[in-house]
Amino acid sequence: TPPIMRTRLLTSFLLALAACSAREPVLLSVVTYNVHHGEDQNGAPNYDRVGELLREWAPDLVALQEVDVRTTRVGGLDMVDEYAVRSGLEGVFGQAMPFDGGGYGEAVLAGIAIDDWTNHPLPHAPNHEPRAALEMRVRARDGTLVAFVGTHLDHTGDPADRIAQAARLVELFAGREEPVVLVGDFNSLPDSEAMRLLFAAGFVDAAAEHPQFTFPAERPERRIDWILVAPAHRWRVRQVGTVAEGVASDHRPLRATLELLPAR
């Protein structure tokens, strides 16, 4: 190779190396919060307090569980709108079941570009509440398409529904090429069969190195709220934690800052 060609090749290599090392980290801040159908521990509406927390954190994505839309229980209000207005985020509702003159289920709030969203029904026994997984596909700041999924698994003492629901989540979201963030109130402890199914399918616990207790809110002693990511090679956990908020709901919010890594 002529000397001038070698010089050009070396220059190109060094420029490419510098571009890679100067790459700005692509971060996503996410929150999951069971908001106790809009009611705090004193029986008062919690919209202002939850909205205040979300505005303070300025997350990219939020999953809320126990959300009522126009039910009698919440006086006909749309809880998604109540939280969206107070947080400055855009909201989507995923109904799990009709309830009390309106709907009951999950919400996802976003502060970044939304491509589309899908509400996936989950299996349940005939005598148990229906459940759903609300998937929102969003664009990270580098343009990468990310699936953010909020869900709320069965709360009863029988684990059969939670196991079936976890299996369905694996069918829907495990093994995807695109990065996935799966969050919510799973009503499942770390050693439960539902969580074992999710871990075996490749989902990674964002709080594995720093376990976070979220329930009950005043003095949490159980891990039942989760932030999971997949595939493992696309994510690095920068920060994870709860907030010492014991009044706004019966759960504490769980939040994390995640770094989206380049595809291999």
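Work out Dmax and Rg for the stretch 51-181 from the C-alpha atoms and quote the Rg first, both in angstrom.
According to the Cα coordinates of the stretch 51-181, Rg and Dmax are 15.2, 45 Å.
Build a GNM of the chain with springs between Cα atoms under 10 Å: which of His120, His37, His128 gets the top mean-square fluctuation?
Evaluated over the chain, the most mobile residue of the options is His128.
What is the magnitude of the charge dipole of the stretch 101-210 about its Cα centre, with +1 placed on the Cβ of each Lys and Arg, -1 on the Cβ of each Asp and Glu, and no other charges, expressed in debye to the nearest 20?
Dipole of the stretch 101-210, to the nearest 20 debye: 180 debye.
Within the chain, which is the longest segment that contains none of the GluC sites (Glu not before Pro) sitting in a DSSP loop with at most 13 other Cβ atoms within 10 Å?
Answer - 1-176.
How big is the dipole moment of the stretch 75-131 about its Cα centre under a simple scheme where the beta carbon of each Lys and Arg is +1, that of each Asp and Glu is -1, and everything else is neutral? Debye, nearest 20, please.
Charge dipole, the stretch 75-131, about its Cα centre: 140 debye, nearest 20.
Could you report the chain's accessible area per residue, 1.4 Å probe, as an integer in Å²?
Result: 46 Å² of accessible area for each residue.
Cα gyration tensor of the stretch 124-264, axes a ≥ b ≥ c as square roots of the eigenvalues: rounded (a/c below 1.5), prolate (a/b > b/c) or oblate?
Oblate.
Expressed as a rounded percentage, what relative contact order does the chain have, with Cα pairs under 8 Å and six or more residues apart?
Worked out over the chain, it gives 19 percent.
Taking a ≥ b ≥ c as the square roots of the Cα gyration tensor eigenvalues, with a/c under 1.5 meaning rounded and otherwise prolate when a/b beats b/c, else oblate, which class fits the stretch 35-120?
oblate
So, with a 1.4 angstrom probe, what is the percent of accessible area on the chain that is carbon and sulfur? If you can, show how the numbers build up before the last one.
Details: 6500 of 12210 Å².
Carbon and sulfur together cover 53 percent of it.
Placing +1 on the Cβ of each Lys and Arg and -1 on the Cβ of each Asp and Glu in the stretch 188-264, which of Val240, Pro216, Thr257 has its Cα farthest towards the positive end of the resulting dipole?
Checked the options; the winner is Thr257.
Tally Lys/Arg at +1 and Asp/Glu at -1 over every other residue whose Cβ is under 12 Å from the Cβ of Gly51; what's the total?
Working: positive: Arg49, Arg55, Arg86; negative: Asp48, Glu52, Glu56, Asp81, Glu82.
Once all neighbours under 12 Å are counted, the net charge is -2.
What do you get for Rg/Rh over the chain if you use C-alpha atoms and the Kirkwood form of Rh?
Ratio of gyration radius to Kirkwood radius for the chain: 1.06.
Using a Gaussian network model of the chain whose springs link C-alpha atoms within less than 10 Å, name the residue from Ala58, Ala125, Ala166 with the highest mean-square fluctuation.
The residue that fluctuates most here is Ala125.
Cα gyration tensor of the stretch 83-124, axes a ≥ b ≥ c as square roots of the eigenvalues: rounded (a/c below 1.5), prolate (a/b > b/c) or oblate?
On the way: a/c = 3.39, a/b = 1.50, b/c = 2.27.
Taking the square roots of the gyration eigenvalues as a ≥ b ≥ c, the stretch 83-124 is oblate.
Determine the dipole magnitude for the chain: charges of +1 sit on the beta-carbon of Lys and Arg, -1 on that of Asp and Glu, nothing else is charged, the reference point is the Cα centre, and the result goes in debye to the nearest 20.
1400 debye
Over the stretch 191-242, what number does the Rg to Rh ratio reach, with both radii from the alpha-carbon atoms and Rh per Kirkwood?
With Rh from the inverse mean 1/r over Cα pairs, Rg/Rh is 0.99.
The values are calculated or read from the model by the stated rules, or taken from the named source; none is laboratory data. Bear in mind the structure is a predicted one, so any value in this text is a computation, not a measurement. Ideal geometry is used to build each Cβ from the backbone, glycine not excepted, and the neighbour counts take in all protein chains shown. Accessible surface areas use protein heavy atoms only, side chains included; no ligands, DNA or RNA. Shrake-Rupley method; radii C 1.70, N 1.55, O 1.52, S 1.80 Å.
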